[in-house]
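Student: This structure is in structure tokens; I'll ask about it shortly.
We did not get these values from a lab; they are worked out from the coordinates using the rules stated. Please read all numbers here as calculations on a predicted model, not as lab measurements. Cβ: placed from backbone, ideal geometry, glycine included. Neighbour counts: every protein chain shown.
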Amino acid sequence: MSIFETILLAIIEGLTEFLPVSSTGHMIIASSFMGIAADPFVKTFTVAIQLGAILSVLVLYWKRFLQSVNFYVKLAIAFVPAAVFGFLLNNFIDSLLENVIVVAVTLVLGGVVFLFVDKWFARNETQGGEEVKPRSALFIGLFQVVAMIPGVSRSAATIIGGLTQGLTRRAAAEFSFFLAVPTMFAATGYKLYKLWKEGGSFTPDQTQMLLIGNVVAFVVAIVAIRGFIGFLARKGFALFGWYRIILGVALLIIHFFIFPLTIA
């Protein structure tokens, strides 16, 4: 993997991690077009640079993380379902990560849902709440489990989960950001632990790529989060829905009529 590919993947990670468009799907698509998706280091890299994105949330919302123990209790409740199912279904999830068709189809299906989300939850903007209760946190956590399917989008699933619990769009999006911290940290830590357990290590060049990738993802994610919150409050989800549909359909057309997209 070249420095250019490193920076490009990190930009994609920073832009898409907190948007409801599936960062995993975009990373799979981008690395497939680059012809590096099957490289074991690239697979580790795409997970490891999530640490940079995590740091952006901590920097932007540091006051929220110093609020109270109750804040962490709710994050823990929401995190548990993904932790349990992620551990039990790890091999199955990894197999899905190697299927571009799964990504394309889930992008389209999720896009269709987003075309109607604003209408379904229009009342939330005038009558919705800002506070996440423990019971709501659990339901949001269950929605996050669905996002283990590549292309669904962790952000999309948890935001919709928050909307079903009566939160405003802003409150649902912000809790999705907060929940990303333990979820992504655990996913990255587990991936690196597996690599270490199997005797793997990084070369100096790979270590440099990881450092560059995390820095770029951090900077881009800060910009993306700030822009997304403002856009979401004003415009809603429809544009993201159309984007997902167009991208998913384009992938299916390319795969079946131009050239097959393969990962492994």
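Student: Between PHE202 and ALA250, 0.36 nm times their residue separation minus their Cα-Cα distance comes to what?
Tutor: 13.7 nm
Student: Can I ask one more? Relative to the longest principal Cα axis of the chain, at what angle does helix 238-253 sit, 0 to 90 degrees, rounded to 10?
Tutor: Roughly 30 degrees between the two axes.
Student: Enter the angle in degrees (range 0 to 90, nearest 10) between the Cα long axis of helix 134-146 and the first principal axis of the Cα atoms of the chain, meaning the one along which they spread out most.
Tutor: Roughly 30 degrees between the two axes.
Student: Please report PHE87, PHE240 as a ranked list, fewest other C-beta atoms within 10 angstrom at the top and most at the bottom.
Tutor: PHE87, PHE240
Student: Also: Which whole-number percent gives the relative contact order of segment 3-258, counting Cα pairs below 8 Å spaced six or more residues apart?
Tutor: 38
Student: Sticking with this one: What are the ³J(HN,Hα) couplings of segment 120-132, residue after residue, when phi is run through the Karplus curve with 6.51, -1.76, 1.60 and θ = phi - 60°? Round to Hz, x for glycine and proline.
Tutor: 4, 10, 4, 5, 4, 6, 10, 10, x, x, 10, 9, 8
Student: With contacts defined as alpha carbon pairs under 8 Å and 6 or more residues apart, what's the relative contact order of segment 149-255 in percent?
Tutor: Once normalised by length, the contact order is 24 percent.
Student: Using amide H atoms built in the peptide plane, which far-off residues or other-chain residues are under 5 Å from GLY129 H to H?
Tutor: LEU167, THR168
Student: Moving on to the next point. Got a sec? Charge dipole of the chain, +1 on Cβ for Lys and Arg, -1 for Asp and Glu; which of VAL181, ILE12, SER31 is way out at the positive end?
Tutor: Checking the options against the dipole of the chain, the answer is VAL181.
Student: Below 14 Å Cα-Cα, how many Lys pairs turn up in segment 3-258? Only count pairs eight or more apart in sequence, or on different chains, if you could.
Tutor: Details: LYS43/LYS191; LYS43/LYS194; LYS74/LYS133; LYS119/LYS235.
For segment 3-258, the number of qualifying lysine pairs is 4.
Student: To continue, here is another question. With θ set to phi - 60° and the Karplus curve 6.51 cos²θ - 1.76 cosθ + 1.60, what are the ³J(HN,Hα) couplings of segment 208-217 in order, to the nearest whole Hz, using x for Gly and Pro?
Tutor: Each residue of segment 208-217 in turn: 4, 4, 5, 5, 4, x, 5, 5, 5, 4 Hz.
Student: On to the next question. Charges at C-beta only: +1 for Lys and Arg, -1 for Asp and Glu. How large is the resulting dipole of segment 151-264 about its Cα centre, in Debye rounded to 20?
Tutor: So the magnitude is around 360 debye.
Student: Counting each DSSP H run of 4 or more residues in the chain as -39500 (n - 2.57), what helix-only mean residue ellipticity at 222 nm follows after dividing by all residues, to the nearest 500 deg cm²/dmol?
Tutor: -25000 deg cm²/dmol
Student: In what sequence, highest mean first, do 73-83, 13-23, 213-223 appear when ranked by Cβ atoms within 10 angstrom?
Tutor: Per-residue Cβ counts within 10 Å, averaged per peptide and sorted highest first, yield 13-23, 213-223, 73-83.
Student: Compute the long axis of helix 3-16 from its Cα atoms, compare it with the longest principal axis of the Cα atoms of the chain, and write down the angle in degrees, 0 to 90, nearest 10.
Tutor: 20
Student: I need the calculated FRET efficiency for the pair PHE231 and VAL69, taking r as the beta carbon distance and R₀ as 25 Å, to the nearest 0.05.
Tutor: Here the calculated transfer efficiency is 0.15.
Student: Further question: Report the Cα centroid-to-centroid distance between segment 159-174 and segment 78-128 in angstrom, as an integer.
Tutor: That distance is 14 Å.
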